[in-house]
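Working notes for the structure below.
The values are calculated or read from the model by the stated rules, or taken from the named source; none is laboratory data. Remember, predicted model here, so these are calculated numbers, not experimental data. Counting neighbours? That spans all protein chains shown, and the Cβs are built from the backbone with ideal geometry, glycine included.
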Amino acid sequence: MKLLLIQPSVGKIHGEKYVKSWTMEPLALSTLAGMTPDDIDIELIDERIDELPEIYEADLVGITIETYTAKRAYTIAKKIRKQGVKVVMGGIHASLMPDEVTKHCDAMLVGGAEGGIWNQVLSDFKNNKLKRKYDANSYFEKTLDHCPPNRKLYANKGYLPLGLVESGRGCPFTCEFCAITAAHKAQYKSKEIQHIISDIENISQKMLYFADDNFVSKFSRTKELCDAMIPLKKKWFSHGTINMASQPDLLKKLQKSGCSNLLIGFESLNEDTLKSMGKSWAVVKRGYSESLKILKDYGISVYGTFVFGYDEDKPDDIEKTLEFAIEEKLALAAFNHLVPYPGTPLYHRFEKEGRLIDKEWWLKDGYNFGEVSFQPKNMSPDELSERCYNARLEFYKYSNILKRIEFKANCRDPFSNPFQTISFMSANFVSQKGIKQRQSWPIGNVIDKNGKILE
């Protein structure tokens, strides 16, 4: 039996290279491959890098889908099923929109594939008893099984030089706009630490990315994991929260374990906006500036993300946030417009208020990255999109990259240990190059260089 695993792109421009910053290892698919019995042949096709075949030579195809890759995944699946090959779909979009996804596949997996459910899918397929839907939620306990990924599938793909690891999944917070919260019902499940360490010992890359949705969801567990990582002498980055600045013991352990950078979702500098988001817990008593100083004192650089488009947001809030990000010398920053992901409380609220421009924006022909799909209160959709885009361009100007050089975190120990400085500069240059390339990138379609839809 042959199993073909497909990572769809968000869309492509024929004859142009894919956005480099969007080419991390497909950890979900390699983990699925790691669960698959040895007597099944496995092939990985990553549309971000590989060309899709005309004929799909496989007995069964598995496709992972996110909201931004859903339309492309459906197009690919349609061609495969026409050739008489069964398709199984899973991923976060299947959890958010199961009624939509099931129309485009022969079987759908809602939730993760751990706990034995993936082997059940394969067994049912072999016995010609494939079900339309498999709900993984009933298979999970409080902890999450760790299945070592089959990283051999990454050979010769040319992914970003980061080894991806997952130590836990989900997030306990209830932010209104967050698809992670909606898909995992505000729950966080962790993996056994000894299994994570064993996995890391088999990763060749010196730099790791913990793909956890919130690496510091449980401070006590994070400290235990950091202690176990110290002997491995790896550099790593992941996602954190600003409230960890009040945890000196945690910060010490993060530093000793090799933490280089943490992505922190500030989302807004406006307390009223944070409250509307359901993120009032992120309002720190000491203020963002003092909290950032504490993190830098421990050698941790910060990738700050911000979201604009809530009713409290005014046009000049984007400019003020840009000034803050440069003044505070954030290593990296993202200035994003609000996205009403399907299945989230935000989406349902906008739908009720009649503010969605396209109810199924992720399936719309001609929809592009950077396009705002709802009506903001204090500016037009086009103005919101343009202001976010301009903030990105300004932040990553050469002059502003130089302004953000500092020697506690972003460019720590540049002469004795230049790793942090090289990481800072290379990440900024990659981000700078990607800004113009990403803007107006097709979502769900393959187009030619003139914008004509080919698929």
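Some values worked out for this structure:
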read-out	value
Pairs, first in contact (Cβ under 8 Å) with a residue 60 or more places away in the chain and under 22 Å from GLY265 (Cβ atoms) in the range 179-195, second surrounded by fewer than 16 Cβ atoms within 10 Å (Cβ to Cβ) and among the polar types (S, T, N, Q), C-beta under 8 Å, six or more apart	THR181/THR174
Qualifying residue in the range 425-434 (condition: of a type in the set (D, E, K, R), in contact (Cβ under 8 Å) with a residue 40 or more places away in the chain and not in a loop (DSSP other than H, G, I, E, B))	yes
Conditions (1) outside the structural domain of ILE42 (by TED's automatic domain parsing); (2) surrounded by fewer than 21 Cβ atoms within 10 Å (Cβ to Cβ); (3) part of a loop (DSSP other than H, G, I, E, B); number of the one not met by HIS146	(2)
Contacts under 7 angstrom Cβ, first residue in the range 367-390 being in contact (Cβ under 8 Å) with a residue 60 or more places away in the chain and closer than 17 Å to LEU346 by Cα, partner part of a loop (DSSP other than H, G, I, E, B) and β-branched (Val, Ile, Thr), 6 or more apart	PHE374/ILE357
Residue among ILE422, ILE443, ILE401 that alone is within 20 Å of ILE300 (Cα to Cα) and crowded, with 17+ Cβ neighbours inside 10 Å	ILE401
Condition met for LYS449 (in a helix (DSSP H, G or I) and either under 30 Å from LYS71 (Cα atoms) or more than 23 Å from the chain's Cα centre (by Cα) (or both))	no
Unique match (being out of contact with any Gly (no Cβ under 6 Å at 6 or more places or on another chain), surrounded by fewer than 18 Cβ atoms within 10 Å (Cβ to Cβ) and farther than 18 Å from VAL302 by Cα) among PRO172, PRO248	PRO172
Selection status of LEU274, at pLDDT 95 or above, in contact with a helix residue (DSSP H, G or I) (Cβ under 6 Å, 6 or more places away or on another chain) and part of a helix (DSSP H, G or I)	no
Scan of the range 33-63 for residues that are more than 13 Å from LEU5 (Cβ to Cβ) and of a type in the set (Val, Ile, Thr), ordered by number	ILE49, ILE55
Residue check, GLU201 surrounded by fewer than 17 Cβ atoms within 10 Å (Cβ to Cβ), touching a helix residue (DSSP H, G or I) at 6+ places or on another chain (Cβ under 9 Å) and either farther than 17 Å from LEU27 by Cβ or of a type in the set (D, E, K, R) (or both)	yes
Inter-residue pairs, beta-carbon under 8 Å, first in the same structural domain as PHE308 (by TED's automatic domain parsing) and touching a residue at least 12 places away in the same chain (Cβ under 8 Å) and in the range 262-278, second assigned to a loop (DSSP other than H, G, I, E, B) and of a type in the set (A, V, I, L, M), 6+ apart	LEU262/ILE300; GLU271/VAL283
Flag for THR305 being in a strand (DSSP E or B) and closer than 30 Å to LEU402 by Cα	yes
Spans of strands (runs of 3 or more DSSP E) in the range 1-115 with at least 1 residues in the same structural domain as LEU130 (by TED's automatic domain parsing), among the hydroxyl-bearing types (Ser, Thr, Tyr) and surrounded by 21 or more Cβ atoms within 10 Å (Cβ to Cβ)	60-64
Among residues of the range 366-402, those that are part of a loop (DSSP other than H, G, I, E, B), closer than 23 Å to ASN445 by Cα and at pLDDT 95 or above, counted	6
Given (1) under 29 Å from HIS184 (Cα atoms); (2) in a helix (DSSP H, G or I); (3) in contact (Cβ under 8 Å) with a residue 12 or more places away in the chain, index of the condition TYR341 fails	(2)
LYS293 vs. criteria assigned by TED's automatic domain parsing to the domain that holds LYS408 and farther than 24 Å from GLN439 by Cα	yes
